[in-house]
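Engineer: This structure is in structure tokens; I'll ask about it shortly.
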Amino acid sequence: MHIGKMLGLALIMLGMGGCASFTKDEVAPVSLPSMASFAHKPNVYVDFDFYQGEPTNAAAAEVPQARDMLRPQLQKILTDSGLFGRVTLDEFQKQPGDYNLRLKVYNHPPSGGQMAMAFISGLTFTIIPALGTDQYTMSLETLDSQGQALSKGSNHDGINTWIGIWFIPMMGNSPKEAVTDTFTRQVNALLKQMVDSKQLKYSALDAGVPRA
């Protein structure tokens, strides 16, 4: 059989099996500090990019579809954090004096035998399960309104997705839920690291004195 037809058959068989995703939980949940006592919080513009490839690879390809799918979740994370005054992900809404947060996510799945595993799983009608792993390296750089770098941090996490008839009962563990959970934990961890660096300015309700 032609290899293209074999691959097509394998993908069809994969679609007939169950799919369940599980977070690797490399980044632990964090508690963000409360900024309720500050009258003036920094306004930020967030430059968000999503890439396919290794972080060290200059040829890593931008994936605007993935970025756009994650934008609403990122907006929610930033708003719910209570760390900022005004938050925008739209460059045209950026205003003078805004801090610039550069958030980059690199999705770099392992190479090698995982495609072969998926292929074998498909040919066996998903009786033999296949495992796919997505690794995510995330970085957050903070710049002041003049473009001066203030802080930078990064972390790494991943998601394992099993495909096979044995995982039909676990299909409630959807890839979307796993991605949302991992993405949220990674962003919050970087936000906490940024605040702990004490580079952003907050003004207290009583004193009105900026805090470094």
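The values are calculated or read from the model by the stated rules, or taken from the named source; none is laboratory data. For clarity, every value in this text was computed on a predicted model and none was experimentally measured. In this analysis, Cβ positions are derived from the backbone assuming ideal geometry, glycine residues included, and neighbour counts consider all displayed protein chains. The accessibility values were calculated without ligands, DNA or RNA, using every heavy atom of the protein model including side chains. Shrake-Rupley method; radii C 1.70, N 1.55, O 1.52, S 1.80 Å.
Engineer: Let me spell it out: the conditions are (1) at pLDDT below 95; (2) at negative phi, and Leu83 meets all of them except one. Which number is the exception?
Structural biologist: That leaves (1) as the condition not met.
Engineer: Enumerate the pairs (first residue in region 178-190 and farther than 14 Å from Gly158 by Cβ; second residue anywhere and among the small types (Gly, Ala, Ser)) with beta-carbon separation below 6 Å, excluding pairs fewer than 6 apart on the same chain, so at least 6 apart or on different chains.
Structural biologist: Sorted first by the residue in region 178-190, then by its partner, the pairs are Leu190/Gly153.
Engineer: In the set Ser31, Ser21, which member is hydroxyl-bearing (Ser, Thr, Tyr), part of a loop (DSSP other than H, G, I, E, B) and either closer than 30 Å to Ser203 by Cα or open to solvent by less than 70 Å² (accessible area, probe 1.4 Å) (or both)?
Structural biologist: Going through Ser31, Ser21 in turn, the sole match is Ser31.
Engineer: If Gly158 meets every condition in (1) touching a helix residue (DSSP H, G or I) at 6+ places or on another chain (Cβ under 9 Å); (2) modelled with pLDDT under 90; (3) not aliphatic (A, V, I, L, M) apart from one, which number is that one?
Structural biologist: The number of the failed condition is (2).
Engineer: From the residues in region 161-199 that are touching a Gly at 6+ places or on another chain (Cβ under 7 Å) and modelled with pLDDT of 80 or more, which one is nearest to Leu74 (Cα to Cα)?
Structural biologist: That would be Leu190.
Engineer: Answer with yes or no whether Ala66 is modelled with pLDDT under 95, assigned to a helix (DSSP H, G or I), farther than 22 Å from Ala149 by Cβ and open to solvent by less than 60 Å² (accessible area, probe 1.4 Å).
Structural biologist: yes
Engineer: Filter region 72-98 for residues that are open to solvent by less than 80 Å² (accessible area, probe 1.4 Å) and outside any loop (DSSP other than H, G, I, E, B) and give the result.
Structural biologist: If the condition is that a residue be open to solvent by less than 80 Å² (accessible area, probe 1.4 Å) and outside any loop (DSSP other than H, G, I, E, B), then Gln73, Leu74, Gln75, Ile77, Leu78, Ser81, Val87, Thr88 are the ones that fit.
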